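See structure below.
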Amino acid sequence: MLLRPIDAIFVHPKQRVYVVYYRGELWQLPRMKIDDRSWQNKRLYTDDSSGLYLSTHQTINDPVLSQKLRTLNLPVAVHGSTLPRFEAWWETHGFKWLKDKLMKGQSPLAGHQASTKAIDNHPTSASNYYPAESHNTDRNSVNKGTALSLKKDVFAEMLAELTEEVLHQPL
C-alpha cells in the first residue's frame, strides 16, 4: 500500500536553491525564498538529486503557500539527510511516526508548530501573521483577532484532514 506522499523542503548547498519534494516530484524554486510567488515560478528539478539535503527548517511562513504545501515537523534525526536516505526513512518509518504523533494529540505539521509558538509567544503581534516587509499603517489596522483565527483555521483544517487520512489507513 502506498503511503501519503510527503511535502518536504530540500536545499542544494552548492547551487544555493530550495528544492521542494511535492507529492513525489522535485520542484526547484527560482530563489532562496519560500513563498507563493516563488512557488508560482517553480520549475521541475532535473539535475542530479544526490546533492539535495533535507532542510532543518520545514516551516512555511507564507499563509497562501502553507495551504498548498503540507510540510511536516520531521524528527531532528532526519534533518540534513540526503534525498535517498530521507525517502527510505519515510517509506520505513513515516506512517508509524505520523500515527504516533496523532495518537499523542500532537500536530505533525511544521506550520502548525510555528503558528502555535507564535501565538504562545506574542499573542497580539501583527508580525506573526504578515511578513515584516509588508507592514504599513493600513496593515497594522487589520483586526489581529481575525488574522489569528484565519491562521488557526487553515492549520486546523490541514491537521483534521491529515488525521482522518492517517487514522483510517489499514495496517
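The values are calculated or read from the model by the stated rules, or taken from the named source; none is laboratory data. What you see is a predicted model, and the numbers here were worked out from it, not measured in a lab. Note that each Cβ is placed from the backbone with ideal geometry, even for glycine, and that neighbours are counted across all protein chains shown.
Give all pairs with beta carbons closer than 7 Å in which a residue from the stretch 27-54 that is more than 24 Å from Val76 (Cβ to Cβ) meets a residue that is surrounded by 17 or more Cβ atoms within 10 Å (Cβ to Cβ) and among the charged types (D, E, K, R); count only pairs at least 6 apart in sequence or on separate chains.
Taking only residues 6 or more apart or on different chains, the pairs are Asp35/Asp62; Asp36/Asp62.
I need the full set of residues from the stretch 65-80 which are in contact (Cβ under 8 Å) with a residue 40 or more places away in the chain and either surrounded by fewer than 17 Cβ atoms within 10 Å (Cβ to Cβ) or not basic (Lys, Arg) (or both), in order please. Break it down into steps so the answer makes sense when it comes.
First pass over the stretch 65-80, keeping only residues in contact (Cβ under 8 Å) with a residue 40 or more places away in the chain: 66-67, 69-74.
Passing the criteria: Ser66, Gln67, Leu69, Thr71, Leu72, Asn73, Leu74.
So is Trp90 part of a helix (DSSP H, G or I), of a type in the set (Phe, Trp, Tyr), closer than 23 Å to Arg16 by Cα and more than 11 Å from the chain's Cα centre (by Cα) or not?
Details: part of a helix (DSSP H, G or I): yes; of a type in the set (Phe, Trp, Tyr): yes; closer than 23 Å to Arg16 by Cα: no; more than 11 Å from the chain's Cα centre (by Cα): yes.
No, not satisfied.
If we keep just the residues of the stretch 81-120 that are surrounded by fewer than 16 Cβ atoms within 10 Å (Cβ to Cβ) and basic (Lys, Arg), which is modelled with the lowest pLDDT?
It comes out as Lys117.
For the stretch 1-37: of the residues being farther than 20 Å from Glu87 by Cα and surrounded by 19 or more Cβ atoms within 10 Å (Cβ to Cβ), which is modelled with the highest pLDDT?
Leu29
Which residue is nearest to Ala8 (Cα to Cα), if the candidates are limited to the stretch 44-64 and must be surrounded by fewer than 19 Cβ atoms within 10 Å (Cβ to Cβ) and among the hydrophobic types (A, V, I, L, M, F, W, C)?
Leu44
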